[in-house]
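Notes for the one structure printed next.
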Amino acid sequence: MIDVRKLDLSFGDRYLFKDLSFQLGDKEKICLAGPNGCGKTTLLKVMCGEQQTDGGQIIRSSSVKIGYLRQHLGEDYGATVYESALQAFGEALGKAKELDGLHAILGEREATEAELNRMDFLQDELIRSNYYTAESETRTVLAGLGFSPEEQDKPLSNMSGGWRMRVALAKVLLAQPSCLFLDEPTNHLDLESIVWLESYIRDYPGCMILISHDRAFVDRTCDRILEISNSNLVYYPVPYTRYEEEKALRMEQIIKAHKKQSDEIASLERFVERFKAKASKATQAQSKQKQIDKIERIVIPGGANTIRLKFPEAPPSGQWVFEAEDLGKAYGENRIFSGGKFGIQRGDHLVLVGPNGAGKTTLLKLLQGIEKPSEGKVTVGANVQVGYFAQYEEPTPAEAEMTLVSYLAASLPKIGDQQLRNVLGAMLFSDDDAFKKFGVLSGGERARVRMCRLLLQNCNVLILDEPTNHLDMDSKNLLMQAMHDFNGTVLFVSHDRYFVENIASRVILVKGGKVTDYPGDYHYYLDKLASDDRYASVEKAADKAAARAATKSNTGKPSGLTKLSDANAPKTAPAKPAASGNLAAVGNAAAAPVAPDWETKKDAEKQKRKSEKRWAEIESTITDLDQKVATLDAELCLPETYADQVLSTRLARDKQHAEAALAALYLELEKLEADGHGK
């Protein structure tokens, strides 16, 4: 589909790419790996034609249609969220407008043969482009990405940058390109939306290149890795979980081969040095020298610089760090949550989860006293010393002009400049970098400076709001190890599941105006969530599946929207990935509570009765819908239906919705059967 040949690109005396080549096949889903700054985003821009190179070429097949989600882009602020996303069907909308104009002519005069032919052509094009399901597809994709029906009709200008990026992602997906280029698509998504996007990508029929530092997301969506290393690409035909093992094995083989080659070269050089001056051996010595000159030297790849991260020993605190009693917060008439009741003990590693905007950051601020509760209270334990990493922390004009050393010194006056510089060096700000102005740094660099501030504070409670957003995978692993080794208390917000799975021993869900404490690790939380959601209404699932069935009906093939209904499908806990090294025991930091036998049996009987009742309801509904589809098929074949465009469109849409409902019902039956509740 896309053939990249011998790309060269340099900036000054530094090669970003050197003789870089690879091919992207029709259905391949590839993750571009490598540390920040290695050229991943630049490579996507080159492949889209947005970045010129010093040499090489990109060959695309004629059918390639690229959908590119950039990390940073502008949007049409004059439109609503829905109107902006609907522009993914811009070409079809133009044809529909033209068709409406031709229909208007029919009410005024008799159409010409050319106009009738044009109407037929436009009608075929609209059906082919899924125009008649554009509205439902757009609404469904926006819902999957976390927009409520009310939010979809709000002006885009009222949305934050993160939510505008979601609209941009919706437009890319709705355009149904043959090739997706996604640059950090999960950065602004909550966990529910990430799960939805995973489901979409798994059933997406085209090819994809993904840049993401979310390990779990990569594992679930990509089956091979392309790593940018030393200005070229190294291909790993394995998922990410095996990529790291394969990479270590290859490095071991390279080191062994390098040593063997070095020994051979040293032996040849000794021969040349010993005999080059002897007439009887001079010819052999010259031959050996030529042999040495022809050897292609094996180079051991240099590792990228990584941060060095270790939190200092935590001073002791009281047993109870925070206690919340009937805690609530509202801004005017906008109630964020209420009734929060929980306690956090010394040594807890607790994660706050929930959709964006539910109040996770607000809750962190209430616990610290940065904001005051509207109701209830927070009790802070003895000798609690908090270190806070905020998700967004824009510098003041004065701070923007400070050097990195002076910025840290302003909040840490008792620490000398040399210690400040040592910690900055550990976070990759070495030598003259320590005297850069804070205001010129990127978001990721500012995050690293703020992490320096945490390392220098004498705290026993770490409160971290999205600490991994600007870190590559190696840096995330180092932060994960540091948090695991920290002997104090940790509260954090993160949408990176691998990170959460390996750190969290408790979960608090902030959602729908409520704060719910799950006294177990992340997998316990997922199990409880799945049991609560298992029997959601099929009508809602049918609405989510409308676009899938409609597209399948029109083209005979499932489209990229074939998993839209999964946003409402029963949620199940993913298999827990094995951790490496000292992290092997992190995920087991707290065992999930076990319900008493009598309660388990009672719940099981209740679920069984509910499942049997639901099974009978589904079978009855399927029978009715099958009959409805058959009737609609028959009506669509009638000559009078063909002659009435309005009638045929309405009947086709009714059939599409009926088939969507059938698809959702069969999906639910399969789920019931898989869970052991089938007949």
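The values are calculated or read from the model by the stated rules, or taken from the named source; none is laboratory data. All of these numbers come straight from a predicted model, not from anything done at the bench. Cβ coordinates were reconstructed from backbone atoms using ideal geometry, including for glycine residues, and neighbour counts include every protein chain displayed. Areas reflect the complete protein model, heavy atoms only, side chains present, ligands, DNA and RNA absent. Shrake-Rupley method; radii C 1.70, N 1.55, O 1.52, S 1.80 Å.
Of Ala266, Ala257, Ala216, all but one fail to be of a type outside the set (S, T, N, Q), over 24 Å from Gly37 (Cα atoms) and either touching a residue at least 24 places away in the same chain (Cβ under 8 Å) or open to solvent by 60 Å² or more (accessible area, probe 1.4 Å) (or both); the exception is Ala257. For the stretch 1-28, which residues satisfy the criterion of being among the charged types (D, E, K, R) and either touching a Leu at 6+ places or on another chain (Cβ under 7 Å) or on the phi > 0 side of the Ramachandran plot (or both)? The answer is Lys6, Asp19. Among residues belonging to the stretch 510-552 that are part of a strand (DSSP E or B) and either at pLDDT below 85 or not charged (D, E, K, R) (or both), point out the one that is surrounded by the fewest Cβ atoms within 10 Å (Cβ to Cβ). Among residues in the stretch 510-552 that are part of a strand (DSSP E or B) and either at pLDDT below 85 or not charged (D, E, K, R) (or both), the one surrounded by the fewest Cβ atoms within 10 Å (Cβ to Cβ) is Thr516. Answer yes if at least one residue in the stretch 302-309 is open to solvent by 60 Å² or more (accessible area, probe 1.4 Å), among the basic types (Lys, Arg), more than 30 Å from Ser63 (Cα to Cα) and touching a Gly at 6+ places or on another chain (Cβ under 9 Å), and no otherwise. Within the stretch 302-309, one or more residues are open to solvent by 60 Å² or more (accessible area, probe 1.4 Å), among the basic types (Lys, Arg), more than 30 Å from Ser63 (Cα to Cα) and touching a Gly at 6+ places or on another chain (Cβ under 9 Å). In the stretch 153-184, the qualifying residues are those that are outside any loop (DSSP other than H, G, I, E, B), open to solvent by 10 Å² or more (accessible area, probe 1.4 Å) and in contact with a strand residue (DSSP E or B) (Cβ under 9 Å, 6 or more places away or on another chain), and the one that is nearest to Ser136 (Cα to Cα) is Lys171. Taking the numbered list (1) at pLDDT 90 or above; (2) more than 25 Å from Asn458 (Cβ to Cβ); (3) under 34 Å from the mean Cα position of the chain (by Cα) in turn, Lys437 passes all entries but (1).
Could you go through the stretch 314-321 and let me know if any residue there is in a strand (DSSP E or B) and either without any contact (Cβ under 8 Å) to a residue 24 or more places away in the chain or surrounded by 15 or more Cβ atoms within 10 Å (Cβ to Cβ) (or both). Checked against the condition, which is being in a strand (DSSP E or B) and either without any contact (Cβ under 8 Å) to a residue 24 or more places away in the chain or surrounded by 15 or more Cβ atoms within 10 Å (Cβ to Cβ) (or both), the stretch 314-321 yields at least one hit.
Looking across the stretch 219-245, the residues that are crowded, with 17+ Cβ neighbours inside 10 Å and in a helix (DSSP H, G or I) come down to Asp219, Arg220, Thr221, Tyr240, Tyr243, Glu244. Count of the stretch 617-650 residues, restricted to those that are at pLDDT 70 or above and not in a helix (DSSP H, G or I), is 2. Annotation: of all residues in the stretch 444-466 being open to solvent by less than 20 Å² (accessible area, probe 1.4 Å) and among the aliphatic types (A, V, I, L, M), the one that is modelled with the lowest pLDDT is Ala447.
Taken over the stretch 469-509, the criterion of being surrounded by fewer than 21 Cβ atoms within 10 Å (Cβ to Cβ), modelled with pLDDT under 90 and either in contact with a Gly (Cβ under 6 Å, 6 or more places away or on another chain) or closer than 20 Å to Glu192 by Cβ (or both) is satisfied by Asn469, His470. When Ala390 is tested against the conditions (1) more than 30 Å from Ile194 (Cβ to Cβ); (2) in contact with a Lys or Arg (Cβ under 8 Å, 6 or more places away or on another chain); (3) surrounded by fewer than 19 Cβ atoms within 10 Å (Cβ to Cβ); (4) small (Gly, Ala, Ser), the lone failure is (1).
Reported count of residues in the stretch 357-380, each being outside any strand (DSSP E or B), touching an Asp or Glu at 6+ places or on another chain (Cβ under 8 Å) and open to solvent by 50 Å² or more (accessible area, probe 1.4 Å), is 1. Being crowded, with 18+ Cβ neighbours inside 10 Å, in contact with a Phe, Trp or Tyr (Cβ under 7 Å, 6 or more places away or on another chain), under 30 Å from Leu509 (Cβ atoms) and of a type in the set (D, E, K, R) is a property that Lys288 lacks.
How many residues, within the stretch 192-211, are assigned to a loop (DSSP other than H, G, I, E, B) and closer than 17 Å to Met47 by Cβ? Count: 1. Per this entry, Ala143 is counted among residues that are open to solvent by 10 Å² or more (accessible area, probe 1.4 Å), touching a residue at least 12 places away in the same chain (Cβ under 8 Å), touching a Pro at 6+ places or on another chain (Cβ under 9 Å) and hydrophobic (A, V, I, L, M, F, W, C).
The residue list Gly340, Gly332, Gly328, Gly354 contains one member that is crowded, with 17+ Cβ neighbours inside 10 Å and modelled with pLDDT under 90, which is Gly354.
Counting only strands (runs of 3 or more DSSP E) that sit wholly inside the stretch 1-74, those with at least 1 residues that are charged (D, E, K, R) are 2-11, 14-24, 29-33, 55-60. Residues in the stretch 391-409 that are within 21 Å of Leu462 (Cβ to Cβ) and at pLDDT 85 or above: Tyr407, Leu408. Being open to solvent by less than 20 Å² (accessible area, probe 1.4 Å) and of a type in the set (A, V, I, L, M), is that true of even one residue in the stretch 428-442? The answer is yes; a qualifying residue exists.
What residue, of Gly439, Gly416, Gly425, Gly387, is touching a strand residue (DSSP E or B) at 6+ places or on another chain (Cβ under 7 Å) and among the small types (Gly, Ala, Ser)?
The match here is Gly387.
Within the set Leu145, Leu102, Leu156, Leu182, the sole residue that is out of contact with any His (no Cβ under 6 Å at 6 or more places or on another chain) and closer than 26 Å to Lys655 by Cβ turns out to be Leu102. Exactly one residue out of Ser129, Ser157, Ser148 is within 25 Å of Gly512 (Cβ to Cβ) and either of a type in the set (Gly, Ala, Ser) or in contact (Cβ under 8 Å) with a residue 12 or more places away in the chain (or both), and it is Ser148. The residue list Lys27, Lys6 contains one member that is open to solvent by 40 Å² or more (accessible area, probe 1.4 Å) and touching a Cys at 6+ places or on another chain (Cβ under 8 Å), which is Lys27. Among Gly56, Gly67, Gly39, which is over 23 Å from Ala175 (Cβ atoms) and in contact (Cβ under 8 Å) with a residue 60 or more places away in the chain? Checking each option against the conditions leaves just Gly39.
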